[in-house]
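Taking it in order: structure first as structure tokens, then the write-up.
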Amino acid sequence: MNVTTLRAAVEAAWADRSQLTEAGTQEAVAAVMKGLDEGELRVAQPLTGGGWQVNEWVKQAVLLNFSVQKMKTIEVGPFEFHDKMPLKKGYAQAGVRVVPHAVVRYGAFVASDCILMPSYVNLGAYVGARTMVDTWATVGSCAQIGADVHLSGGVGIGGVLEPLQAAPVVVEDGAFVGSRCIVVEGVHVGKEAVLGANVVLTASTPILDVRGEVPVETRGAIPPRAVVIPGTRPKTFPAGTYNVPCALVIGERKESTDRKTSLNDALRQHGVAV
């Protein structure tokens, strides 16, 4: 089936769930999951002129797939799982290094030369080439991770399936996400940005650019090559004034053809913990 045919079948089944009993509909849903697993389809994709497009119909297929699949026992050596989705396979052919106990569910794409330490990648996610998913990091459903990204130990990248129009978390190429960072609710991390340890970014987290004389406040997106650390600012409630979390843009990662050198310079210059 081509993409147009797949989309029509999925959207028809979404509108009328009784069609899930039909073989053609089940084949269409399975084809979408296979396309996601192989990286030929994406829940969200970059646009040529900038920005990202969310493919709601692909998310519809992922949700419909849960209705089609049956619970089954999955045995991996001495380990046993009980789930509707199988685990991803074919790492050697794909050129991906997977360290026990890294887990990737079928329907997630992991590009060549990636390294997966003991970590978790959920279905619908996309992980670009040469990216490191470090120990106990999690990549949530449908999250879009670029190439040459480093997700440090304990990083939590949020997932999204519903609402359908909601944008997934996007981490652009070359970004460095420090230890125990949390990035959720469709936040967009720009190309080659650096997040220091423990930065928490939600859709409502204030992002304060303090590089100039007056702070500039935004939400939902980290600029390319920005260096970010966790911060707090006072907020008044009926019970008193308390410090609440925010993120501080304190500098900019210098342009360099050697990204590792550029990253190390940024961390030394600003004293950012990773």
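The values are calculated or read from the model by the stated rules, or taken from the named source; none is laboratory data. These numbers come from a predicted model, not from an experiment. In this analysis, Cβ positions are derived from the backbone assuming ideal geometry, glycine residues included, and neighbour counts consider all displayed protein chains.
The single condition from (1) at pLDDT below 95; (2) surrounded by fewer than 18 Cβ atoms within 10 Å (Cβ to Cβ); (3) under 21 Å from Asp134 (Cα atoms) that His270 fails is (3).
Remark: pairs (first residue in region 190-210, touching a residue at least 12 places away in the same chain (Cβ under 8 Å) and assigned to a loop (DSSP other than H, G, I, E, B); second residue polar (S, T, N, Q) and crowded, with 18+ Cβ neighbours inside 10 Å; Cβ separation under 8 Å; 6+ apart in sequence or on different chains) = Glu192/Ser262; Ala197/Ser152; Ala197/Ser179; Asn198/Ser179.
Within region 228-267, the set of residues being modelled with pLDDT of 70 or more, assigned to a loop (DSSP other than H, G, I, E, B) and farther than 22 Å from Arg211 by Cα comprises Pro238, Ala239.
Answer yes if at least one residue in region 92-104 is among the basic types (Lys, Arg) and within 27 Å of Gln53 (Cα to Cα), and no otherwise.
Narrowing region 92-104 to residues among the basic types (Lys, Arg): 97.
From the residues that got through so far, the ones that are within 27 Å of Gln53 (Cα to Cα) too are none.
Among the residues of region 92-104, not one is among the basic types (Lys, Arg) and within 27 Å of Gln53 (Cα to Cα), which makes the answer no.
Scanning region 165-210 for residues that are surrounded by fewer than 18 Cβ atoms within 10 Å (Cβ to Cβ), within 18 Å of Ser141 (Cα to Cα) and either assigned by TED's automatic domain parsing to the domain that holds Ile229 or touching an Asp or Glu at 6+ places or on another chain (Cβ under 7 Å) (or both) returns Gln165, Thr202, Ala203.
Among the residues of region 85-112, those identified as crowded, with 16+ Cβ neighbours inside 10 Å and among the charged types (D, E, K, R) are Lys88, Arg105.
Given the criterion out of contact with any Pro (no Cβ under 8 Å at 6 or more places or on another chain), outside the structural domain of Arg219 (by TED's automatic domain parsing) and outside any strand (DSSP E or B), identify the matching residue among Gly153, Gly159. If you could, list the steps in order and put the result at the bottom.
Details: Gly159 fails: out of contact with any Pro (no Cβ under 8 Å at 6 or more places or on another chain).
From the options Gly153, Gly159, the qualifying one is Gly153.
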